[in-house]
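Just so you know, all these numbers are worked out from the coordinates, no wet-lab data involved. Source: prediction; values computed, not measured. FYI the Cβ positions are ideal-geometry reconstructions off the backbone, even for glycines, and counts take in every protein chain you see.
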Amino acid sequence: RSPVGFADPSDLSAASTSLRLMHPAERKQNLQRLQRELKALRKDPVPGVHAVPLPANMLEWHYVIEGPPGSPYQGGFYHGIIRFPQEYPFKPPSIRMLTPRCNNLCPSARNHRASASARALGSR
């Protein structure tokens with residue numbers, strides 16, 4: 001199981017019909033571009049970032065970003081969705097963060113905010 005709870009894919013499939021509405025040549029070009037980008041991401045991954053398309057919909061990817069070591073977000077996992085429009089790459093994807101405010105997921109960030117607030121108020 002993922003470090004964060006992924007939502008039920010059936011609830012997130014609003015973009016699934018978009019592939020059927022495209023002209024076949026455009027659809028093929030769009031999918032080829034996304035497949036190349038996925039292949040490049042797998043070949044040269046970004047540390048702390050994991051992204052995969054839904055098996056039934058290449059236009060919708062789920063990602064998890066790990067909080068960087070040594071940062072207030074260390075130990076946190078941040079889940080979101082990237083939805084690519086039919087016109088991609090000529091129109092940008094939409095990016096949505098699904099992880100709620102990180103109160104329970106990143107205690108180090110909460111501690112950092114608390115200590116920063118205490119310093120601002122002159123507390124020690």
Stretch residue 44-residue 56 to full length: gain in nm at 0.36 nm per residue minus the Cα-Cα span? 1.9 nm
Per 0.36 nm of contour for each residue apart, how much would the distance between residue 98 and residue 26 grow if the chain were fully extended, relative to their Cα-Cα spacing? 23.0 nm
Suppose R0 equals 25 Å; then what is the FRET efficiency for residue 37 and residue 66 from their Cβ-Cβ distance, rounded to the nearest 0.05? 0.75
